[in-house]
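Here the structure is laid out as structure tokens; the discussion comes afterwards.
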Amino acid sequence: MTDAVSTTRRRGRPPTGEAGGEVQSLDRAIALLEVLALSDGLSLSEVARAAELPTSTVHRLLTTLERRGLVGHDAATGHWVVGVGLFRIGSAYLRIRKLPEIGRVLLRELSHGVNETVNLSLIDGEHLVCVAQVESHAAVRAFFRIGGFLPIHASGGGKAILAAMNPEARRAWLGGDQLPRYTEHTHVSRRALQADLAIIAERGFSIDDEEHTPGMRCVAAAVLDEWREPVGAISISAPTVRMPPERIADLGGQVKEAARRLTARYSGS
């Protein structure tokens, strides 16, 4: 007579080696979706070659994904494409994404790297509103209250967003030909501002050269959505003594790169 030996399985974790095949299949299926997302349609052999998987394995996985609506198959061409089900899943992210939350770590990294105040701003009506900020630890530093408003035409973030807009949207935001003056450096004519915006679009970042507040400079770059439309701007602000002309190019390049990274995180592109 043999003794029966019972084993107790720990909850929530399969025994070693169990479900390993399922995990591998999941990883491969995701890889196929990534391959198809980069194309306008591929044949079975092309998908297999791009994913570096056997054709039989790829066909099995694609058929499963097709049943879920995540990929589609065009019988006329034999091409496989991403399916509308994948769009439904992906669009859930659009409902919950919040630019300040997505950019929080990046803003902190940028501020610590340059040791200056970094802001994230959005356009609200006729103004620019600061929605997130990481302050510099310097004794004398730029400060803008979160939730505070700045004029679009006389702020680094505002001009960066305007420069990234399509011409029709930009004309709607600018309004009349005469713009309010805040300092002797403020652009008060639409023509002067448009000339500055053309330079900003070419350079990739804006410069607020004491245009709103005497003694303060700012560089900024626009953050874009998946349609390449501006949704906000990252800016670095500092007293003019710490942002001389010879430092502007370096800070401008850094804010431009930060905006590119945040655009990628926000839009997925």
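The values are calculated or read from the model by the stated rules, or taken from the named source; none is laboratory data. These numbers were taken from a predicted model, which means no experiment stands behind them. Positions of Cβ are generated from backbone atoms using ideal geometry, with glycine treated the same way; all protein chains shown enter the neighbour counts. Surface areas here come from the heavy atoms of the whole protein model, side chains and all, with no ligands, DNA or RNA. Shrake-Rupley method; radii C 1.70, N 1.55, O 1.52, S 1.80 Å.
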For this session: Scan segment 50-74 for residues that are without any contact (Cβ under 8 Å) to a residue 12 or more places away in the chain and more than 31 Å from the chain's Cα centre (by Cα) and jot them down.
Result: PRO54, THR55, SER56, ARG60, THR63, ARG67, HIS73
Problem set entry | Residue among ALA160, ALA192 that is closer than 26 Å to TYR266 by Cβ and assigned to a helix (DSSP H, G or I) | ALA160
Problem set entry | Tabulated pairs, segment 28-45, first in contact (Cβ under 8 Å) with a residue 12 or more places away in the chain, second of a type in the set (D, E, K, R) and in a helix (DSSP H, G or I), C-beta under 6 angstrom, 6+ apart or interchain | none
Seminar exercise, completed: Apart from one, (1) closer than 25 Å to GLY113 by Cβ; (2) of a type outside the set (Gly, Ala, Ser); (3) open to solvent by less than 40 Å² (accessible area, probe 1.4 Å) all hold for LEU174; the odd one out is (1)
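Residues checked against (1) in contact with a strand residue (DSSP E or B) (Cβ under 7 Å, 6 or more places away or on another chain); (2) in contact (Cβ under 8 Å) with a residue 40 or more places away in the chain; (3) within 25 Å of ALA169 (Cα to Cα):
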| residue | (1), (2), (3) |
| --- | --- |
| ALA195 | no, no, yes |
| GLY215 | yes, no, no |
| ALA220 | yes, yes, yes |
| LEU224 | yes, yes, yes |
| GLY232 | yes, yes, yes |
| GLU246 | no, no, no |
| THR263 | yes, yes, yes |
Problem set entry | Candidates HIS185, HIS212, HIS153, filtered to the one that is more than 17 Å from the chain's Cα centre (by Cα) and open to solvent by less than 30 Å² (accessible area, probe 1.4 Å) | HIS153
Problem set entry | Selected residue (only one of SER269, SER235 is hydroxyl-bearing (Ser, Thr, Tyr), in a strand (DSSP E or B) and either within 20 Å of VAL134 (Cα to Cα) or open to solvent by 60 Å² or more (accessible area, probe 1.4 Å) (or both)) | SER235
Exercise. Based on what the data block shows, is THR263 at pLDDT 95 or above, part of a helix (DSSP H, G or I) and of a type in the set (S, T, N, Q)?
Worked result: yes
Seminar exercise, completed: Within segment 238-266, the count of residues that are open to solvent by less than 10 Å² (accessible area, probe 1.4 Å) and small (Gly, Ala, Ser) comes to 4
Problem set entry | Output for segment 73-83, where each listed residue is surrounded by 12 or more Cβ atoms within 10 Å (Cβ to Cβ) and out of contact with any Phe, Trp or Tyr (no Cβ under 7 Å at 6 or more places or on another chain) | GLY78, HIS79, TRP80, VAL81, VAL82, GLY83
Seminar exercise, completed: Per the list (1) of a type in the set (A, V, I, L, M, F, W, C); (2) modelled with pLDDT of 95 or more; (3) open to solvent by less than 50 Å² (accessible area, probe 1.4 Å); (4) part of a helix (DSSP H, G or I), residue check on ILE199 breaks on (3)
